[in-house]
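Down below is the structure, laid out as structure tokens.
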Amino acid sequence: MEAAENKQLMEGVFAKLAKGDGRPFVEALAEDVRWTIIGNTAWSGTWTGLASVQIELLDPLFAQFASTYRGKAVRLIAEGDWVVIESRGDVTTTSGAPYRNTYCYVCRLEDGKVKEITEYCDTKLLTETLSPPIRRAAA
């Protein structure tokens, strides 16, 4: 796929996410996706494979949300296999706290699927607002 097609795919994913539908985001992930959250926090690290991303990252994250998560793309930039998305997330946690983080996702796509994500966000807000995910022991 070319840059314009990759950008269009991610624009569609984030248009749905802005309305609270996260399913297209997950469906866009490759089986062997590699997701990295920057920093040195309990949330920082790399998850490899769709099952790991779902079970160890997304499930623990979304379990802490009392309302529907909405992520709005502010800008998308595409070049070759890469799409960069600046976005704003908005949700209320189960403890009643607002969680409004700013993100920059650097995504590499291959054959219409997201193969790599590097997530940049306010890690201080992340760790102060949410409980850390539980990691499986390495095999």
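The values are calculated or read from the model by the stated rules, or taken from the named source; none is laboratory data. No experiment lies behind these values; they were computed from the predicted model shown. Cβ: placed from backbone, ideal geometry, glycine included. Neighbour counts: every protein chain shown. What goes into the accessible areas is simple: the full protein's heavy atoms, side chains included, and nothing from ligands, DNA or RNA. Shrake-Rupley method; radii C 1.70, N 1.55, O 1.52, S 1.80 Å.
Which ones in segment 76-102 are open to solvent by less than 20 Å² (accessible area, probe 1.4 Å) and either under 20 Å from residue 130 (Cα atoms) or among the aromatic types (Phe, Trp, Tyr) (or both)? If the condition is that a residue be open to solvent by less than 20 Å² (accessible area, probe 1.4 Å) and either under 20 Å from residue 130 (Cα atoms) or among the aromatic types (Phe, Trp, Tyr) (or both), then 87, 89, 91, 93, 99, 101 are the ones that fit. Listed by first and then second residue, the pairs linking a residue in segment 28-39 that is at pLDDT 95 or above and of a type in the set (S, T, N, Q) to a residue that is in a strand (DSSP E or B) and buried (at least 16 other Cβ atoms within 10 Å of the Cβ), with Cβ atoms under 9 Å apart and 6 or more places separating them unless they lie on different chains, are 36/45; 36/47; 36/116; 36/117; 36/118; 36/119. When residues in segment 8-49 are screened for being aromatic (Phe, Trp, Tyr) and either within 15 Å of residue 111 (Cβ to Cβ) or in a loop (DSSP other than H, G, I, E, B) (or both), 1 of them pass. Only residues that are closer than 18 Å to residue 121 by Cβ, open to solvent by 50 Å² or more (accessible area, probe 1.4 Å), more than 13 Å from the chain's Cα centre (by Cα) and of a type in the set (A, V, I, L, M, F, W, C) were counted across segment 14-69, and they come to 1.
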